[in-house]
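Only one structure is covered here, and it is reproduced in the block below.
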Amino acid sequence: MRMIDHFLAGGTAGLTPGRTHRVWNPSTGEVQAQVGLGDASLLDRAVAAARAVQPGWAQTNPQRRARVMFRFKELIEKNMADLAHLLASEHGKVIDDAKGDIQRGLEVIEYCCGIPQVLKGEFTLGAGPGIDVYSMRQPLGIGAGITPFNFPAMIPMWMFGMATAVGNAFILKPSERDPSVPVRLAELFVEAGAPEGLLQVVHGDKEMVDAILDHPDIAGVSFVGSSDIAHYVYKRGVAAGKRVQAMGGAKNHGIVMPDADLDQVVNDLTGAAFGSAGERCMALPVVVPVGADTADALREKLVPAINALRVGVSTDPEAHYGPVVTPEHKARVEGWIDTAEREGAEIVIDGRGFTLQGHENGFYVGPTLIDRVTTDMESYREEIFGPVLQIVRARDFEEALRLPSEHQYGNGVAIFTRNGHAAREFASRVNVGMVGINVPIPVPVAYHSFGGWKRSAFGDTNQYGTEGVKFWTKVKTVTQRWPDGGGDGSNAFIIPTMG
Ligand code: NAD
């Protein structure tokens, strides 16, 4: 059985017997590897290695740090196919989605290539008589990231790219469900010229997360995962005096106005609701048609489009999506469909009990469409995180606006319309962090920043972009005055030369 080791100080940690966690191949339903679960003593080793290199890295000029990012970008591009296959084999998403996962992370690395420009700081000449003021951003020291299973390349890169570009060392605790790609990224980072110990990977579960949150030498923690754990991480990390940002779950709505182009909407929805088996925090699992006519027309077009979706192994180039990540998750998603049925919703297309011929043990869930969903249903209030699309019918624009605004999650939302005024009104009033206008998955590009509202994010700084720079640095402000050198003023204007 393949063993997946931690990556400490530029090499493997040398696994000692201890707790392990199985890593599935979701497409076949086989266990393909075991990953070691680390503890506080392993974390101490990582922190010691990080402490040894971080001050030197912080003093390395930003253009040299950027050069490492440039080389890292090239190495990822060179290794894209292998990385995508490795990622798909542990996660289950199809190869194109796996490449997208890597590509969106890479865009943050590209942003980091410009870090000297971003870190220039601020300066005021003559803030008072002979007084200048300047502000600089300095790294926190050692940062840590705790990441979910669903984007094992992109989310680690959001975090370690930004954290290291601005001068921190970084310890990554990836999901124990698909831990191989994060290790491979750390190896490539060293190959790109990063000092050994700058980026390390420690595997683990709650025990390791708690060790990170309590460690006195870790100054900042970025978390992405489900909301209850995000909230826990936020509270415990802040109580320990750390800076914490913790992104949580989602239930993104797509509002369909009566004037929307329904063919385009159906096309967008099949990708946004079912792509990556719905295991995206920016998936669109709730569609809100406005008016009964819109709802009926949309449903009529959605049914054949959903029935035409092809579910397959992650390497099937024709497949729209692959299996979900684990057998427990398959059972959970199917359990939510049971709940919706019990609650009185109409199961229009039922993905329960789906098996893929030749891969009967894989963790597949067929595409599912549920209509007549109402806001009092638990299956509406909670995140399903599977290939399930729910229809919640709204009478008018105001009701449609209220649904995402009043939902406990506030990650993303989209409106489909040809009416600029309605779109503008919606974008300004909706109580959600990221808004798409005729864009189903409005993940901001790398030079903006990513973050939801309400229970989708705890803490007040977003991921990547200038928000990421803010999170991973602290501001120092210098107020300076240089009196002229001569006590009697005789050499007031003699300025030293460089010789
Ligand atoms: P998860 O919360 O189960 O795990 C996330 C991380 O927390 C993992 O590294 C895991 O090892 C760790 N963890 C698990 N249980 C823990 C515990 N009891 N105490 C401390 N740490 C623990 O999430 P997941 O299933 O890996 O990922 C899916 C979730 O992540 C979904 O809710 C999804 O919406 C969310 N997500 C959010 C965003 C966002 O940016 N808002 C992005 C991607 C995924």
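Which of the residues belonging to the range 354-376 are under 22 Å from residue 402 (Cα atoms) and open to solvent by less than 10 Å² (accessible area, probe 1.4 Å)?
Matches in the range 354-376: 370, 371, 373.
Exactly one of these conditions fails for residue 348: (1) touching a helix residue (DSSP H, G or I) at 6+ places or on another chain (Cβ under 6 Å); (2) among the hydrophobic types (A, V, I, L, M, F, W, C); (3) over 30 Å from residue 153 (Cβ atoms); (4) open to solvent by 30 Å² or more (accessible area, probe 1.4 Å). Give me its number.
(1)
Looking only at residues that are polar (S, T, N, Q) and out of contact with any strand residue (DSSP E or B) (no Cβ under 7 Å at 6 or more places or on another chain) in the range 237-286, which one is farthest from the ligand (Cβ to nearest atom)?
The residue in question is 264.
Determine if the range 271-290 includes at least one residue that is in contact with a Phe, Trp or Tyr (Cβ under 9 Å, 6 or more places away or on another chain), of a type outside the set (Gly, Ala, Ser), in a helix (DSSP H, G or I) and touching a residue at least 40 places away in the same chain (Cβ under 8 Å).
yes
How about the range 286-303: which of its residues are closer than 15 Å to residue 397 by Cβ and among the acidic types (Asp, Glu)?
Correct list: 293 only.
If you scan the range 151-170, which residues turn out to be open to solvent by less than 10 Å² (accessible area, probe 1.4 Å), within 16 Å of the ligand (Cβ to nearest atom) and not in a strand (DSSP E or B)?
Hits for the range 151-170 are 152, 153, 155, 156, 157, 158, 159, 160, 161, 162.
Inside the range 322-345, can you point out the residues that are surrounded by 16 or more Cβ atoms within 10 Å (Cβ to Cβ) and either within 16 Å of the ligand (Cβ to nearest atom) or assigned by TED's automatic domain parsing to the domain that holds residue 90 (or both)?
Selection gives 323, 324, 325, 326, 329, 330, 333, 336.
Please work out which residue is surrounded by the fewest Cβ atoms within 10 Å (Cβ to Cβ), limiting yourself to the range 78-116 and to residues that are closer than 24 Å to residue 57 by Cβ and acidic (Asp, Glu).
In this case the residue turns out to be 110.
Only one of these conditions is not met by residue 477: (1) in contact (Cβ under 8 Å) with a residue 40 or more places away in the chain; (2) open to solvent by 70 Å² or more (accessible area, probe 1.4 Å); (3) of a type outside the set (D, E, K, R); (4) under 29 Å from residue 262 (Cβ atoms). Which number is it?
(4)
Quick check on my filter: what residues within the range 6-56 are charged (D, E, K, R), modelled with pLDDT of 95 or more and touching a Leu at 6+ places or on another chain (Cβ under 9 Å)?
Within the range 6-56, 45 is the sole residue that qualifies.
Just for the range 380-424: of the residues that are aromatic (Phe, Trp, Tyr) and farther than 18 Å from residue 298 by Cβ, which one is surrounded by the most Cβ atoms within 10 Å (Cβ to Cβ)?
Residue satisfying both the conditions and the ranking: 409.
Considering the range 219-236 alone, what residues qualify as being within 7 Å of the ligand (Cβ to nearest atom) and not hydrophobic (A, V, I, L, M, F, W, C)?
225, 226, 227, 232
The values are calculated or read from the model by the stated rules, or taken from the named source; none is laboratory data. None of the values given here were measured: they were computed from a predicted structure. When we count neighbours, we look across all protein chains shown, and the Cβ atoms used for this are built from the backbone with ideal geometry, even at glycine. For the accessible areas, the whole protein counts, side chains as well, though only heavy atoms, and no ligand, DNA or RNA atoms are used. Shrake-Rupley method; radii C 1.70, N 1.55, O 1.52, S 1.80 Å.
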